[in-house]
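The values are calculated or read from the model by the stated rules, or taken from the named source; none is laboratory data. Quick caveat, the model's predicted, so the values are computed rather than measured. Quick reminder, even Gly has a Cβ in these numbers, built from the backbone with ideal geometry, and neighbours come from all protein chains shown.
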Amino acid sequence: MQYALYYYDSCPFCQRVLHALPNVKVAVEQRNVLKNPEFRQQQAKATGRTTVPCLLIQDDQGKEQWLFESADIIRFLQNQ
């Protein structure tokens, strides 16, 4: 499984997730959508939304699942 968090620095809900990352047991790539507009475009194309935070969950076969809402993202990552 691979994980990527779509976020930007001034978003308080993103900060909530970012502060939780050191306490989870999985690696999460951080993709800042303001510093790299390509990340925003990827998310919009895949989900139809640009809302952050958003976690991309990709399994070993390449199947993607997108998870929104900071509390849901934190809970999901803590259970991995």
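Side notes on the structure shown:
- Identity of the residue in the stretch 13-53, hydrophobic (A, V, I, L, M, F, W, C) and outside any helix (DSSP H, G or I), that ends up farthest from residue 77 (Cα to Cα): 34
- Just so you know, in the stretch 51-61 the residues that are among the β-branched types (Val, Ile, Thr) and closer than 14 Å to residue 4 by Cβ include one that is surrounded by the fewest Cβ atoms within 10 Å (Cβ to Cβ), and it is 57.
- The residues in the stretch 31-50 that are at negative phi and either surrounded by fewer than 15 Cβ atoms within 10 Å (Cβ to Cβ) or modelled with pLDDT under 95 (or both) can be counted, and the count is 11.
- Residue within the stretch 8-15 that is surrounded by 15 or more Cβ atoms within 10 Å (Cβ to Cβ) and either without any contact (Cβ under 8 Å) to a residue 40 or more places away in the chain or of a type in the set (S, T, N, Q) (or both) present: yes
- Matching option when the condition is free of Cβ contacts under 8 Å to residues at least 12 places away in the same chain, out of contact with any Phe, Trp or Tyr (no Cβ under 7 Å at 6 or more places or on another chain) and in a loop (DSSP other than H, G, I, E, B), among 80, 65, 61: 61
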